[in-house]
Amino acid sequence: AVGMATNIPPHNLREVVAATTALIDDPNLGQEELEGLVTGPDFPTGG
């Protein structure tokens, strides 16, 4: 068994895909619009 640690926050895959699709559809999409699609990392502890 191998134990690994990471400092990369987990994000909701559906939100990331929605943001990616929106950016492909509209390359001029602003940061605020993208932030509305990806609300933030989903920490396992709920923080």
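Quick notes on this structure:
Here's the yes/no breakdown for (1) surrounded by fewer than 12 Cβ atoms within 10 Å (Cβ to Cβ); (2) not in a loop (DSSP other than H, G, I, E, B):
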site: Met4; (1), (2): yes, no
site: Ile8; (1), (2): yes, no
site: Val16; (1), (2): no, yes
site: Ala19; (1), (2): no, yes
site: Leu23; (1), (2): no, yes
site: Asp42; (1), (2): no, no
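- Against the test of being surrounded by 12 or more Cβ atoms within 10 Å (Cβ to Cβ), part of a loop (DSSP other than H, G, I, E, B), among the hydrophobic types (A, V, I, L, M, F, W, C) and in contact with a helix residue (DSSP H, G or I) (Cβ under 7 Å, 6 or more places away or on another chain), the options Leu29, Leu34 yield a single qualifying residue, Leu29.
- Residue within segment 13-33 that is touching a His at 6+ places or on another chain (Cβ under 8 Å) and either touching a residue at least 60 places away in the same chain (Cβ under 8 Å) or among the aliphatic types (A, V, I, L, M) (or both) present: no
- Enumeration of residues in segment 1-12 that are of a type in the set (S, T, N, Q) and touching a residue at least 24 places away in the same chain (Cβ under 8 Å): Asn12
Read the figures in this text as sums done on the coordinates, not as results from a lab. What you see is a predicted model; the values in this text were computed from it and never measured. Cβ atoms come from the backbone with ideal geometry, glycine included; neighbour counts cover every protein chain shown.
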